[in-house]
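These notes concern the structure reproduced below.
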Amino acid sequence: MITLALAGKPNCGKSTLYRAATMAPAEIANYPFTTIDANRGVAYVRVPCPCTGLDHRCGVCVDGIRYVPVHLIDVAGLVPEAYTGKGLGNQFLDHLRQADAIIHVIDASGSTDIEGVPDEIGSHDPFEEIPMLQNEMTMWLFGIIEKHWPKMQRQAQAKSYNMHAGIAELLAGLSIREEHVADAERESGIVFRSAQSDDLKKFAEILLKYSKPMIRAGNKADQAPEAFITRMNEAGICLISGAAELALRSATEHQIISYHPGDTIFTIPEEGKLNAAQKQGLEKIRTFMDAFKGTGVQQVINKAVFELLDHIVVYPVEDETHLTDAKGRVLPDAFLMKKGSTPHDLAFQVHTDIGKGFLYAIDARTKMRIKESTLLKDGDIIKIVSTAK
């Protein structure tokens, strides 16, 4: 399963965003380092369910909306020089190891300083947070590489030594692969055999771009000054309100409103049951959603998975006529797959034995057999034929 990490300075609203996205309990308070240990939960990407065009609905989706799970980690706040042990130090950089991508949460309201200490709205420039996180992660990775570099350079004297493989092995715990190393080497122009400290820092920065791609989310956008909103829009930063999303999900849970995560609007079935404070709070959220086309929370998760990580959703079935599994359930499974994946890749995703015994696949929409090397498309419904049961 894909793992996304929420990272940023303390008190930028990560825990509120995490709780909104997962509806899992997380301590929320207006002071730095609210999160001590990383919170781990399940969030979802939202896609239209293929069953809406069938005679029988799947029973998995909600009003034609399919939610496919992803892991979400709320990492404790990072402060400048965290890589040296400042603040809560390297232990929280370590929580980013398993992330496939990072959502960098920025305080769009400018109401906290660079270390997360509360201040007046608009008193701090949110753009100062961008290089801080990038530098902390670069120096963290650089420190790991530099520590082992003399030994690796000695090993590189042997013609049989593969430097790409050696660096990837060193950084395997960070989910960094050999192709990431090769891409970063090419872009940085580093010459491994003669590389010095500055070369390694540049290499580490580029390696992070390939191995830990990042999307930026301007949280607390409902409180942000107009000038900050304009700049963030121009910079392509996703504007969101974790607090608004959390309020909507809580209200939905208590059957006060009708709302699906990712909707641009919500409805109130019985407005007469609301007290004055509830009406005022919901009206404020509605105004924000009208301006920003939703709270942005579901949108940034979808963007991280489908645009940043370049994934698609594929539905495996055992009966290509009725689109069911062996138990007769309609479209019970949905898999997130890297764009460019093939039916054989899907077979391994379903089960290793099915992948090993792969014979061929059938496109359930056309009922045609497709090649093992066919590139899957978003929304494909595929039957895998394998020697494994």
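Note down the net charge around PHE306, summing +1 for each Lys or Arg and -1 for each Asp or Glu among other residues with Cβ under 14 Å from its Cβ.
In short, +2.
About its Cα centre, what dipole magnitude does the chain give when the only charges are +1 on Lys and Arg Cβ and -1 on Asp and Glu Cβ, stated in debye to the nearest 20?
1080
How large are Rg and Dmax for region 100-149 when calculated on the C-alpha trace, in angstrom?
14.2, 46
What size of dipole, in debye to the nearest 20, comes out for region 176-267 about its Cα centre when the only charges are +1 on Lys and Arg C-beta atoms and -1 on Asp and Glu C-beta atoms? Don't jump to the answer; show the numbers that get you there.
Working: 11 positive and 14 negative charges, 38 e Å.
So the dipole magnitude of region 176-267 works out to roughly 180 debye.
Keeping all protein chains in place, calculate the accessible area per residue for the chain (probe 1.4 angstrom), answer in Å².
Numbers: 18640 Å² over 389 residues.
So the chain comes to 48 Å² accessible per residue, rounded to a whole number.
May I ask you to give the percent of accessible area on the chain that is carbon plus sulfur, with a probe radius of 1.4 Å?
Details: 9250 of 18640 Å².
Answer for the chain is 50 percent, counting heavy atoms of protein chains only.
Once the convex hull of the C-alpha atoms of region 280-334 is built, how many Å³ does it hold per residue, rounded to a whole number?
That works out to 136 Å³ per residue.
Cysteines of the chain lacking any other cysteine beta carbon under 4.7 Å?
CYS12, CYS238
Tell me which of GLN223, ILE206, LEU248 sits at the most positive position along the dipole axis of region 156-284, charges placed on C-beta atoms (Lys, Arg +1; Asp, Glu -1).
Going by the Cα projections, it comes out as ILE206.
Step through the residues of region 125-134 one at a time and calculate ³J(HN,Hα) from phi using the Karplus curve (6.51 cos²θ - 1.76 cosθ + 1.60, θ = phi - 60°), rounding each to whole Hz and writing x for Gly and Pro.
7, x, 5, 5, 6, 5, x, 4, 5, 4
Convex hull over the alpha-carbon atoms of the chain: what's its volume per residue in Å³?
So the per-residue hull volume is 164 Å³.
Could you pull out every one of the lysines with an alpha carbon less than 19 Å from that of LYS273, ignoring same-chain neighbours closer than 8 positions?
LYS284
Where does each of 98-105, 15-22, 61-68 land if you order them by average Cβ count within 10 Å, highest first?
Values: 98-105: 22.9, 15-22: 25.6, 61-68: 16.0.
In decreasing order of mean packing, 98-105, 15-22, 61-68 become 15-22, 98-105, 61-68.
Determine, for each peptide in 293-300, 268-275, 4-11, the mean count of other beta carbons within 10 angstrom over its residues, then list the peptides with the highest first.
Ranked from most to least packed, the peptides come out as 4-11, 293-300, 268-275.
The values are calculated or read from the model by the stated rules, or taken from the named source; none is laboratory data. These numbers come from a predicted model, not from an experiment. Neighbour counts run over all protein chains shown; Cβ positions are idealised from the backbone, glycine included. Only protein heavy atoms, including side chains, enter the accessible area calculation; ligands, DNA and RNA are left aside. Shrake-Rupley method; radii C 1.70, N 1.55, O 1.52, S 1.80 Å.
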